[in-house]
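First up is the structure itself, then whatever we jot down about it.
The values are calculated or read from the model by the stated rules, or taken from the named source; none is laboratory data. Note that the coordinates shown come from a computational prediction; the quantities given were computed from them, not determined experimentally. Heads up, the Cβs are rebuilt from the backbone with ideal geometry, glycines too, and the neighbour counts pull from every protein chain shown. Heads up: the accessible areas ignore ligands, DNA and RNA and are worked out on the full protein's heavy atoms, side chains in. Shrake-Rupley method; radii C 1.70, N 1.55, O 1.52, S 1.80 Å.
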Amino acid sequence: MAKQRFINTKFWDNDWVVSLDPTEKLLYLYLITNPLTTIAGSYEISLRRIAFDTGIDQGMVGKILKRFSTANKITYRDGWMLLHNF
């Protein structure tokens, strides 16, 4: 797995990203750059780990992930994360 992730600066100009609040932006950036992320954008991760790494309350992480799922950006099921269009 890659030890580095490069984020295009256009990330911040994306209409969907612009519409997110700061906590949501942090969480989405974490999802695409955390050490478990694979080149395929599919990896196993617990809500507890996400909450610990980001400092976001575990309940809030769950709510935000549901919003991301509704927006068709991710699928999170049974501890597995799938990043759409990764």
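Results, tabulated for the structure shown:
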item	result
Cα-based shape type of segment 1-49, given that a ≥ b ≥ c are square roots of the gyration tensor eigenvalues and the cut on a/c is 1.5	oblate
Dipole of the chain [Lys/Arg +1, Asp/Glu -1 at C-beta], most positive-end residue of Thr70, Phe11, Thr38	Thr38
Net charge dipole size for the chain [Lys, Arg +1 and Asp, Glu -1 on Cβ; Debye, nearest 20]	120 debye
Most mobile of Ser19, Ser46, Ser69 in a GNM of the chain (Cα contacts under 10 Å)	Ser19
Ala71 versus Asp21: modelled label distance in nm, points set 7 Å from Cα along the beta carbon direction	1.3 nm
Count of lysine pairs in the chain with Cα separation under 20 Å (8 or more residues apart, or interchain)	6
The chain, accessible area per residue, ligands and nucleic acids excluded (1.4 Å, Å²)	68 Å²
Dimensionless Rg over Rh [the chain; C-alpha; Kirkwood]	0.92
Value of [θ]222 nm, deg cm²/dmol, for the chain, DSSP H segments ≥ 4, -39500 (n - 2.57) each, nearest 500	-12500 deg cm²/dmol
Loop-resident sites, the chain, for trypsin sites (Lys or Arg not before Pro), counting at most 14 other Cβ within 10 Å (DSSP)	Lys3, Arg5
Around Glu44: net Lys/Arg minus Asp/Glu count, Cβ-Cβ under 15 Å	+1
At R0 = 30 Å, FRET efficiency that the Cβ-Cβ distance of Phe11 and Arg48 yields, to 0.05	0.65
Rounded percent of accessible protein surface that carbon and sulfur make up, the chain, 1.4 Å probe	54 percent
Gaussian network model of the chain, Cα within-10 Å springs - most flexible of Leu47, Leu65, Leu26	Leu26
